Amino acid sequence: MKRSSTYRKLTVFTLAVLFFSCQKYYDPTEFINEDDALASESDVETATIGTYAVLKNAAYVRSGHFLMEYPGDAVAQGQSSADDLTRAYRYTHINTSDHCANFWSQAYKVIAAANKVIAFVPNEASEGLRQLKGENLFLRAMMHFNLVRIFGRPYPQNNGDNPGVPILREGLSDEEAETLSRSSVKDVYDFVISDLLQAAELMNQPKNNSFASKEVAYALLARVYLYKEDQANAIKYADLVINSNRYTLRQGSEYASYFRAQPDDNQETIFAIRHTKVEDRAMSSIGSMYFSGDVSGNPMGQGVSGWAEIYASKKYYDFLNQHPEDLRNSFITPYVVNGELQYNQKLTPVTPMYYVNKYSLQEGLINLSSPVYLRLAEMYLIRAEANAKENNVEAALADVNLLRTRAGLPYAALYTPERLAAAGKTVLDAVLEERWLELAFEGHRAYDLFRNNRSMVRNYPGTHSLNNTPTTDLHQEVKPTDNRVVFYIPQAEINRNSALQQNP
């Protein structure tokens, strides 16, 4: 892996301010020499804001979404696309994937920029500087964790003793950074946990959900420990977030409009990649792949306001609609004309056009969204899964039922051990199904299945059928041990750094 120029130059903001609907937008367009970059707390703050800004780059946020969400079974691709996202959906990976190259490059840019602050600020610095160092430690941990999820096998496979990704620490020389090999999955997890623990210790300033704070670090720790199968620590850190009283579950109509409101005011969101009104990405947004319609949320045909090529799968939609009153139906907008559901005719059999609006209609703009990375509902689900695996049945079901009640389901739809037994389900089955319902389209499903040694089963219309003979065969099963559950390391990175080992 060769260090990008961002490792040698530190991103900062040109403080050119554009006024739009009372919003301020700072465009990250300038670089300063690293020798002169940091001299004061103000410099560190400016540099840190610049590092957050890199997350908004489409090469990170959009490509990352495709790689994390499209391998799941809540989505259905209605037609083949020239965009490499088709391969992410169909599991036909190549080592020259644009989205893998984009994500790899942007993630290491964030890490490189964070490393400058981490190296500059001593742990005994002022409270303000300690906070900023903690935020950069969080960003570095988040990047390494997302990288190892995409390019490394699930931790439970061989107890983390599989190739992960290079660990880019602060203070490495150019030669060292350019010849890094892949650390094991276990070593990457250990590094991420160490960064998050230190970040939590350093951060003591409450900030809004666009920035890291102590509770944000705790939330990511809960997720990392869950993925590592460390149930006790997953429960511990989920508890710390839940009991902090900083966050509350949105209820009723506020929940139904969760992703449309002003993100800063959302008390359920723990951390989001904030996009303001001047940062509407239009047809290049995440939401444009899921939705096409007007500002009122009324659906229209493909290409009106978005490409609308990725739908909620029939499998997901049918499962959700076992309870039509479920408020999570608010996040699905079936494309209906004169009372008739429309189908994408470019496949055989045709694909029902169930638009998804989780990435649309923020603050009244069709394609604006601030992708949510961590939210309180996930903390309850983390705690539920960990308790299920510890055989704490009542505790696990209490958290699942809390979310089902919040979604508007009646008492008869809540889980009891007796009802689960009658349905032939385990407590873990119930938790994973609730994660699927609650966190759909947020980049969790494939990881939830594979890390629990479960197959990805697609038995609904979508372009995955084009992998099969005949192409009308809808069934696709990807086993957790298949090579294709992880993506190839970008070949361009291997060409620059022969120490990198390619995934099989």
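Tabulated data for the structure shown
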{"read-out": "Gain on full stretching of the segment that runs from ASN159 to ALA119 - 0.36 nm per residue minus C-alpha separation", "value": "11.3 nm"}
{"read-out": "Spatially proximal lysines relative to LYS346 (Cα-Cα < 20 Å; intrachain offsets below 8 disregarded)", "value": "LYS314, LYS315"}
{"read-out": "Diffusion coefficient, µm² s⁻¹, Stokes-Einstein with Kirkwood Rh over alpha-carbon pairs of the chain at 37 °C and 0.692 mPa s", "value": "141 µm²/s"}
{"read-out": "Net charge, ILE382 excluded, C-beta distance under 13 Å - Lys, Arg +1, Asp, Glu -1", "value": "-2"}
{"read-out": "Residue-normalised accessible area of the chain, expressed per residue, 1.4 Å probe, Å²", "value": "37 Å²"}
{"read-out": "Computed P(r) (all Cα pairs; segment 140-179; 10 Å bins; percent)", "value": "28, 45, 25, 3"}
{"read-out": "Segment ALA39-ARG484, length gained on full extension (0.36 nm per residue, minus Cα span)", "value": "155.6 nm"}
{"read-out": "Accessible area of segment 187-323 belonging to carbon and sulfur atoms, whole % at 1.4 Å probe", "value": "47 percent"}
{"read-out": "Potential lengthening between ASN208 and VAL295 on full extension [0.36 nm per residue; Cα-Cα distance subtracted]", "value": "28.6 nm"}
{"read-out": "Cut-off 19 Å, label 7 Å out along Cα→Cβ of GLU175, residues of segment 473-503 by amide N", "value": "496-500"}
{"read-out": "Euclidean distance between Cα centres, segment 273-317 to segment 400-462, Å", "value": "26 Å"}
{"read-out": "Segment 358-372 versus segment 88-108: alpha-carbon centroid distance in Å", "value": "24 Å"}
{"read-out": "Highest-first arrangement of 52-61, 324-333, where packing means the average Cβ count within 10 Å", "value": "52-61, 324-333"}
{"read-out": "Listed peptides 459-466, 432-439 by packing density, highest first (mean Cβ within 10 Å)", "value": "459-466, 432-439"}
{"read-out": "Pairs beyond 21 Å (Cα-Cα), from LYS56/LYS109; LYS56/LYS207; LYS109/LYS236; LYS214/LYS277; LYS277/LYS358; LYS133/LYS214", "value": "LYS109/LYS236; LYS214/LYS277"}
{"read-out": "Against the rule of thumb 2.2 N^0.38 Å, how large the Cα Rg of segment 191-283 comes out", "value": "1.21"}
{"read-out": "Segment 118-189: Cα Rg divided by the 2.2 N^0.38 Å rule of thumb", "value": "1.29"}
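The values are calculated or read from the model by the stated rules, or taken from the named source; none is laboratory data. Please read all numbers here as calculations on a predicted model, not as lab measurements. All Cβ positions, even for glycine, are placed from backbone atoms using ideal geometry, and neighbour counts span all protein chains on display. Protein only, heavy atoms only, side chains kept; ligands, DNA and RNA dropped before computing areas. Shrake-Rupley method; radii C 1.70, N 1.55, O 1.52, S 1.80 Å.
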